Every structure is written in C-alpha cells, then in structure tokens.
Amino acid sequence: MIRRNFLKIFGWSTAAGFVGVSCTESTKESSPKIKAESGPSQPIIVSTWKHGIEANEAAWKVIQAGGSALDAVEKGVMVTESDPNNQSVGLGGLPDRDGNVTLDACIMNHKGDCGAVAFLKEIENPIAVARKVMEETPHVLLVGQGAQEFALSQGFEKKNLLTDSARKAWLEWKKNENYVTPVNVENHDTISMLAIDKAGNMSGACTTSGLAYKMHGRVGDSPIIGASLFVDNAIGGACATGVGEMVIRIVGSHLVVELMRQGYTPQKACQLAVERIIEKHDSVKGKQVGFLALNKQGESGAYSIYEGFNYAKQTQESNSLIDGVYIHKWSD
Ligand code: GLY
C-alpha cells in the first residue's frame, strides 16, 4: 500500500482538508513599529553563498514568468542540489563519517504552510520531497527511511549521491578522522533562499547535506522550521547557514523574523541573533553561523560570526554577490 493510499484510508487526504499544515504564528496583530506592505511589491530573491548566483538565476526565471515565490525557491535551490561539484548540498555532498550522504531540507510558503525532510538518503532533490510533505501529508517533517519511502511513493527515484570526488575526500579525511569541521568559505554547508514574487508573497527554502563527516544520524538546523528558515508574509523571512546546533539552540530564523517584527532592519535583526548565539555559548571559536534576512519592503541584510559569509541578491537590475557583516576574522 503506498503512503498516499494509507493517508486516504485514514481520512488524511486533501479532501479532508488536512493538507497544508500551518506552523506560522498569528500575523493578525502587527507591531505598531513596522508597517508591512500590502499588495504587490518588486520581486526580489536572496540566497546564501556564491552558489546562490546560479540558484537565483533559475528562481528568477520562474518569477519573471509570473510563477510563485514557492515555485521559485524550490526550482532555485534544486540547481544547487543537482550540482555534483557542490560538496555541501544534495548530489556530491560530503558524507557522514561512515560514508553515507544524508540530506536535510525544508520549505515554507507565504501562508505559513511548511514541509521538511531529514536524514534522507539517495534522493537527489530533498527540497521537492519537503514540498510534497507540505502539500500531500498532514505532517511537517518526515525523516530517514519513512521520508525515503514517501519520496518513492511520490515518484522520486533512488540515486547514488556519493560522487567519486566526495568519496575520495572522505577516504582522505578518514586517515586522520578529525571531527572538527569548520564551516567557512570552502565548506559553506547550505543553500537557503528567500523570494518575493510579483504578487508580493514570500516563500523560503533551505537544503543541505549537513556538516561534512558528521556522526551517522546527525540532523542539523536545515530541516527545522524556525531554526534554518522562517517566513511570515506580513513581516519578512530569515534563513541560516553554519553550525546547525548553534542555530537550533536559539531558534535563529524565527528570532530574526520576530526582531524585524519589533521594527529592526534585516541587518540589525541578523546581528542581534548572532550576538544571542555568542551570549548563549561558552565559546564560538572556529564555528561559523550566518543569518540572512529579507523584509516585506525588499530590504535585505546578513550577519555572521566569522568573515567570509556572503549572499546572492537578484533584483530587476542585477544578480550580485554581497558580503555580510561579521564579528571575527578567522585569524583572530
Ligand atoms: N547548517 C547546516 C547544518 O548544520 O547541517
């Protein structure tokens, strides 16, 4: 019995009205300090790191053709997931310490609907599975074997995601088994994307193969709504990159959005979230976390613990890489 039938038998079908689980807070009361734009605004896309440039291009085509921000962020990050040369996302991602490539992803739309997968193996585009979780099940998060079975029932195909070069890098790492993996420019770990479409609606997506050489079974922030990603269509959205454990502890992206609700700019909200991480940890030495935020007015900002974090911003005018602001240099 395929999963979909199972859901139908138990009355959890679309017709039963359970699909599209909302996990946003009420946005009816807006803060007096911020006025959310109503009606259409200028489309814009922001995404983490240099690989965001190509991802933005694909997402922008969707937006330009009149597509939704949800379609745009899904199609955008799929470019990175399917790039075998990118060693931190999807196909070609560096494996865990036992040689397994395991993927985490989540997606959230302007209505607060969200879906996610974690510890997913052998499926090239986890973000598309996350969207299916959001649209075809009454749940928000599926993990491991259950997530894979669900993906197969939805028509996704199994694929070996461990490329020769990722396998070689893993075998090289195994010679020393150094479990400390700094997330810096070379090991950028995640693509997260936020987009506003022509109708003025915002969606976001986040996807990763997680920290290289992590413990088998480890799941980071990327499939955790509120940690790696949060969208409130009245206020804006935020997403995270870096050491997921530190992001989860402060529910980082939700914090950034709530700070924007209080009237802070995206830049300042990201800074305050980074400062909260520093305040809550005995030491952040050698550990990178960055936040990227976009408000409903189309203003963006990024802030990280260490230098090197940047983001790609696509507007009508250009698709360009912008350096985030940071606290420490790696040489500190
Ligand atoms: N931020 C990605 C991870 O920690 O897995």
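Under the simplified labelling scheme, the residue 145-residue 111 pair shows an inter-label distance of 3.4 nm, with each label point 7 Å from Cα along Cα→Cβ.
Among the GluC sites (Glu not before Pro) in region 163-272, which ones are in a DSSP loop with at most 12 other Cβ atoms within 10 Å of the Cβ? Mind listing them? In loop regions of region 163-272 (DSSP not H, G, I, E or B), the sparsely surrounded GluC sites (Glu not before Pro) are 177, 186.
So how do 243, 219 line up by other beta-carbon neighbours within 10 Å, fewest first? Walk me through the numbers on the way to the answer.
Numbers: 243 23, 219 19.
Least to most surrounded, the residues fall as 219, 243.
What's the local net charge at residue 210, with K and R +1, D and E -1, over the other residues with C-beta under 10 Å away? Present the calculation step by step, with values, prior to reporting the outcome.
Numbers: positive: 214, 218; negative: 96, 104, 189, 221.
Neighbourhood net charge equals -2.
Each label was represented as a point 7 Å from its Cα along the Cα-to-Cβ direction; for residue 168 and residue 323 these points are 3.2 nm apart. Legend: ranking of residues 215, 134 from fewest to most surrounding C-beta atoms inside 10 Å; resulting order 215, 134.
Full extension of the chain between residue 282 and residue 199 yields a length gain of 25.4 nm, computed as 0.36 nm times the residue separation minus the alpha carbon distance.
Between residue 215 and residue 50, what length comes free when the chain is fully extended (0.36 nm per residue of separation minus the Cα-Cα distance, one decimal in nm)? Intermediate results must be reported in sequence, preceding the final value.
On the way: separation 165, 0.36 × 165 = 59.40 nm, distance 2.69 nm.
Stretched fully, the residue 215-residue 50 segment lengthens by 56.7 nm.
Any read-out appearing in this document is the output of simple, stated calculations on the displayed coordinates, not a laboratory observation. Please read these numbers as outputs of a predicted model, since none were measured by experiment. Methodologically, a virtual Cβ is constructed for each residue, glycine included, from the backbone with ideal geometry; neighbour enumeration extends over all protein chains shown.
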